[in-house]
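A.B. asks: Please find one structure pasted underneath; my questions will follow.
The values are calculated or read from the model by the stated rules, or taken from the named source; none is laboratory data. In this text, all values refer to a predicted model and were calculated from it rather than measured experimentally. Quick reminder, even Gly has a Cβ in these numbers, built from the backbone with ideal geometry, and neighbours come from all protein chains shown.
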Amino acid sequence: MKVRNYYYLIAGILAMLFAITHAWNGQSAVLPTLEVGLISLETRTVFTYVWHIITVENLVFGIVFILMSLQSERSKILISVWMIVSILIFRLMVILCVTAFHEASALTDTLIDSITIVIYIAIIIMGTRKNQYGGQSPQSSIGQ
């Protein structure tokens, strides 16, 4: 199997790393704090499964991008790429809007996550622009 799109391979590896660090951060720092406060069991349960949904979502994105990096027919994967990009854009919008709604001054705390998501989206979009014809346009390579 030959890698045909290194942007998607990088996006896949990054998504897998995001899944690992998200799970690790959740288990070591975020989720244990839920046990200390006066938060109801129902709220803790919802928060925990939402946290893990994001972890699994990142893992699935990683697997999908790695598989797409091996795909030779670009047209078969573009709809998946744009759906994932849309999800990531909406994820960023939710992070920023919810943070701004609850405490606008905390928006600076989202800077690293925001920059990471924007760079990740840029890498994915660069993969859609990748010329699959070795530097030539499809029309110029047909007659050769």
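A.B. asks: Does at least one position in the stretch 53-76 carry a residue that is part of a helix (DSSP H, G or I), acidic (Asp, Glu) and at pLDDT below 90?
C.D. replies: Checking the stretch 53-76: not a single residue is part of a helix (DSSP H, G or I), acidic (Asp, Glu) and at pLDDT below 90.
A.B. asks: Name every residue in the stretch 70-109 that is aliphatic (A, V, I, L, M) and farther than 23 Å from GLU57 by Cα, in order of residue number.
C.D. replies: Once the filter is applied, which keeps residues that are aliphatic (A, V, I, L, M) and farther than 23 Å from GLU57 by Cα, the stretch 70-109 yields ALA100, ALA104, ALA106, LEU107.
A.B. asks: Say we look at the stretch 4-43 and pick out the residues that are among the β-branched types (Val, Ile, Thr) and part of a helix (DSSP H, G or I); which of these is farthest from TYR120 (Cα to Cα)?
C.D. replies: Out of the qualifying residues, it is VAL36.
A.B. asks: Please work out which one of (1) in a helix (DSSP H, G or I); (2) loosely packed, with under 13 Cβ neighbours inside 10 Å; (3) among the aliphatic types (A, V, I, L, M) is the condition MET1 fails and give its number.
C.D. replies: (1)
A.B. asks: Something else now. Would you check which residues across the stretch 1-29 are over 18 Å from ILE117 (Cβ atoms) and hydrophobic (A, V, I, L, M, F, W, C) and list them?
C.D. replies: Answer for the stretch 1-29, where residues must be over 18 Å from ILE117 (Cβ atoms) and hydrophobic (A, V, I, L, M, F, W, C): MET1, VAL3, LEU9, TRP24, ALA29.
A.B. asks: Just checking, which of LEU107, LEU78 is surrounded by 10 or more Cβ atoms within 10 Å (Cβ to Cβ), touching a residue at least 40 places away in the same chain (Cβ under 8 Å), in contact with a helix residue (DSSP H, G or I) (Cβ under 8 Å, 6 or more places away or on another chain) and not acidic (Asp, Glu)?
C.D. replies: LEU78
A.B. asks: Among the residues of the stretch 8-38, what is the count of those that are surrounded by 13 or more Cβ atoms within 10 Å (Cβ to Cβ), of a type in the set (Phe, Trp, Tyr) and farther than 12 Å from GLY62 by Cα?
C.D. replies: 0
A.B. asks: If VAL46 meets every condition in (1) surrounded by fewer than 18 Cβ atoms within 10 Å (Cβ to Cβ); (2) part of a helix (DSSP H, G or I); (3) touching a residue at least 40 places away in the same chain (Cβ under 8 Å) apart from one, which number is that one?
C.D. replies: Condition (3) is where VAL46 drops out.
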